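Worksheet: one structure, shown below.
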Amino acid sequence: ALKLRAGDKHCLITRSKCFLKLGDTENSLKDAEASLKIDKTFPEGLYQKAETLYTMGDFEFALVFYHRGRRLRPDIHKFQLGINKAEEAIINCLGNPSAVKLENTEELCFVSRQAERKKDNQQQQNKPTKDQKRTKKQSPKTERQLLGELYADKAYLEKLLKDEDLMQSSTRQGIKVMDLVLDGISYLNHRRDFWQQQKPMYARVYERKLLRQGRMQDKKRKSSDIGRSIAKDMEDIELCLARGSAEESCRKAERMLRKIQGWTEEEVPNKHELIGNLHSCIGNAHLAMGQMEAALHSHKMDLDFARKNALTDAVSRALDNIGHVYARIGRFQQAINTWEEKIPLAQSSLEKAWLFHEIGRCYLELDKAEEAQDYGQKSLQSADEDGDVEWQLHATVLVAQAQVKLKDYRSAIMNFERALEKAKLVPSEAAQNGIITALDNVSKSFIAELKKSHKE
């Protein structure tokens, strides 16, 4: 990229970051400085130079560039974070300035070198020997956070120190076990102190917070991507069924069902609803293929899932589909029972119109003409409320057919005539022809009955 666009500051910073990851601080610093030659106020360049200097141990110079970056871009929080960690690193190296107290004397303009040397000598004498070295006092929680997995190793070594017999023993090479254990603890202490200096605890807490926020955003993005993918897949499944490719629709729905069952509710918030919907799609595909028992099984799965998760709309849908399967296989009473259970869940006049019609049609098939007439009239009332001419036509025909069964030919003729007017409004030539044929048959029956009555 730099060959194509020499001196591109963004490319230089990216390469600088890579050098820093590899531990090549010299080249990392060169690239960071090169980006700043192009643009002295480039915030990424200032931050990268500060980070590289910090890694090199030049904490004071790093602090200068962190401050410079914050002055230019106070909105970028990582500069403040850099200032905090650089200041803490300096304090860890030199000591806390607040611990030094000066008295306001007349000879404050010089420092006694002799007194300093004497103090240093005393400190050297007071330094613990190798055998006396123990762990620097830190809270277990802090130490565990700093050492990570190595914390268990340090705890194990400290436990070994309590075994006096083991500490006095030596290895085959003549090295005392105590020395080995103390070396291990010393190494872990240095490692802990380095990480304390490299990343102070408050910086770690802040980074963890940012990481959690990043994960939440990733989850949201992932959920959004999954949501779009699911919507597309559901569309494909329904489209296949609509085109008459029931087998392909069923196969896609089953594959998608397995996929969704493997996802968490965080990834797919409406997981239960989708699972039920897919069972419904599979059931409809089986119905289209004429596989009635399989269709019934899938729709019952949908119903069980809907009831278990209190999904009212899904319960209504499943009852509707189960009723259709029962009606198709001639189990009309079970269809009636299922659809009557659905009646309280019907939400619109139109939904009630076709539901009452289907129940009435099943009663007609069972030769229960009075019940069929009652439901036909309920269907017609609901269709009138909605103003739907097509369902007014179906309901009127059902009432007329029930009246024929009841031998109320006069009423049946009147209703067939009304139905014929509705069929002209739809318009439906097939319905008109069917009704005309029915009218002819009813008229013949009515005339035959009249002749019979006249003879009697």
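Restricting attention to segment 426-456, which residues are within 60 Å of the chain's Cα centre (by Cα) and assigned to a helix (DSSP H, G or I)?
Selection gives Glu429, Ala430, Ala431, Gln432, Asn433, Gly434, Ile435, Ile436, Thr437, Ala438.
For segment 17-79, which fully contained helices (runs of 4 or more DSSP H) count at least 2 residues that are basic (Lys, Arg)?
Because the criterion is at least 2 residues that are basic (Lys, Arg), the helices (runs of 4 or more DSSP H) in segment 17-79 that meet it are 25-38, 59-72.
Name the residues in segment 278-319 that are open to solvent by 20 Å² or more (accessible area, probe 1.4 Å) and acidic (Asp, Glu), would you?
Glu293, Asp304, Asp313
Is there any pair linking a residue in segment 267-281 that is acidic (Asp, Glu) to one that is assigned to a loop (DSSP other than H, G, I, E, B) and buried (at least 19 other Cβ atoms within 10 Å of the Cβ), with Cβ under 7 Å and at least six apart or on different chains, and which?
Hits for this filter: Glu273/Leu311.
List the number of the failed condition for Ala310; all other conditions in (1) part of a helix (DSSP H, G or I); (2) without any contact (Cβ under 8 Å) to a residue 40 or more places away in the chain hold.
Condition not satisfied by Ala310: (1).
Report every pair of residues separated by at least 6 positions or lying on different chains whose Cβ atoms are under 8 Å apart, first residue within segment 372-398 and under 14 Å from Lys424 (Cα atoms) and free of Cβ contacts under 8 Å to residues at least 40 places away in the same chain, second of a type in the set (Asp, Glu) and part of a helix (DSSP H, G or I).
Every condition considered, the pairs that remain are Gln392/Asp384.
Being over 25 Å from Asp193 (Cα atoms) and in contact (Cβ under 8 Å) with a residue 12 or more places away in the chain narrows it down to one residue among Ala32, Ala62; which is it?
After applying the criteria, what remains is Ala32.
Yes/no matrix, rows are residues, columns are (1) basic (Lys, Arg); (2) over 38 Å from the mean Cα position of the chain (by Cα):
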residue	(1), (2)
Lys308	yes, no
Gly330	no, yes
Trp339	no, no
His357	no, yes
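So Glu44 fits all but one of (1) crowded, with 21+ Cβ neighbours inside 10 Å; (2) of a type in the set (D, E, K, R); (3) at pLDDT below 90; what number is the exception?
(3)
Any chance you could count how many residues in segment 1-16 are open to solvent by 60 Å² or more (accessible area, probe 1.4 Å) and part of a helix (DSSP H, G or I)?
Number of matching residues: 3.
Could you pull out the residue among Arg172, Arg134, Arg144 that is modelled with pLDDT under 80, open to solvent by 80 Å² or more (accessible area, probe 1.4 Å) and assigned to a helix (DSSP H, G or I)?
The unique qualifying residue is Arg144.
For Gly57, indicate whether it is at positive phi, at pLDDT 80 or above and not hydroxyl-bearing (Ser, Thr, Tyr). Let's see the steps before the verdict.
Working: at positive phi: yes; at pLDDT 80 or above: yes; not hydroxyl-bearing (Ser, Thr, Tyr): yes.
Against the criterion (at positive phi, at pLDDT 80 or above and not hydroxyl-bearing (Ser, Thr, Tyr)), Gly57 qualifies.
Quick check: anything in segment 311-319 out of contact with any His (no Cβ under 6 Å at 6 or more places or on another chain) and among the acidic types (Asp, Glu)?
Checked against the condition, which is being out of contact with any His (no Cβ under 6 Å at 6 or more places or on another chain) and among the acidic types (Asp, Glu), segment 311-319 yields at least one hit.
The values are calculated or read from the model by the stated rules, or taken from the named source; none is laboratory data. Keep in mind that what you see is a predicted model, and the values were worked out from it rather than measured. Cβ atoms come from the backbone with ideal geometry, glycine included; neighbour counts cover every protein chain shown. Heavy atoms of the whole protein, side chains included, go into the accessibility calculation; ligands, DNA and RNA do not. Shrake-Rupley method; radii C 1.70, N 1.55, O 1.52, S 1.80 Å.
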